[in-house]
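Novice: Please find one structure pasted underneath; my questions will follow.
Bear in mind these aren't lab numbers, they're just calculated from the coordinates by the rules spelled out. Computed from a predicted model, the values in this text were never measured in an experiment. All Cβ positions, glycine included, derive from the backbone under ideal geometry; neighbour counts span all protein chains shown.
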Amino acid sequence: MKHFSTINGFSAIIFAFVFLVVLINGVVGGFSITEVAKNAVVYGASVSAGVWVVLSLVQFLIK
């Protein structure tokens with residue numbers, strides 16, 4: 001069970017990183033903050049979900 005908390009923590013870090021990058025790029029690009037935030041959540045969620053699935057699969061195969 002310890003490994004899954006590590007995977008969740010890693011996914012959360014990836015989400016935060018992607019969210020911040022998209023947010024900063026959007027604001028610098030001059031887009032409206034609500035539109036940028038919405039896109040950042042979508043990108044962050046999809047990337048972190050993908051990372052979580054891959055890491056879970058790897059964890060399952062290693063066992």
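Novice: So what J values fall out for the stretch 38-48 if you push phi through Karplus, 6.51 cos²θ - 1.76 cosθ + 1.60 with θ = phi - 60°, rounded to Hz, Gly and Pro as x?
Specialist: 4, 4, 4, 5, 4, 4, x, 5, 5, 5, 5
Novice: When the chain is modelled as a GNM with alpha-carbon springs shorter than 10 Å, which of S32, S46, S11 fluctuates the most?
Specialist: Maximum among the listed residues: S32.
Novice: Another one. Calculated from DSSP H runs of 4 or more alone, at -39500 (n - 2.57) each and per residue, what is the 222 nm mean residue ellipticity of the chain, nearest 500?
Specialist: Details: 2 runs with 57 residues, N = 63.
That comes out to -32500 deg cm²/dmol.
Novice: Using 7 Å Cα-to-Cβ label points, what is the V28/A12 separation (nm, one decimal)?
Specialist: About 2.8 nm separates the two model spin labels.
Novice: Taking every eigenvalue of the Cα gyration tensor of the stretch 2-62, multiplying by 5 and rooting it, what semi-axes result, largest first, whole Å? Don't jump to the answer; show the numbers that get you there.
Specialist: Working: eigenvalues 165, 16, 10 Å².
They are 29, 9, 7 Å, listed largest first.
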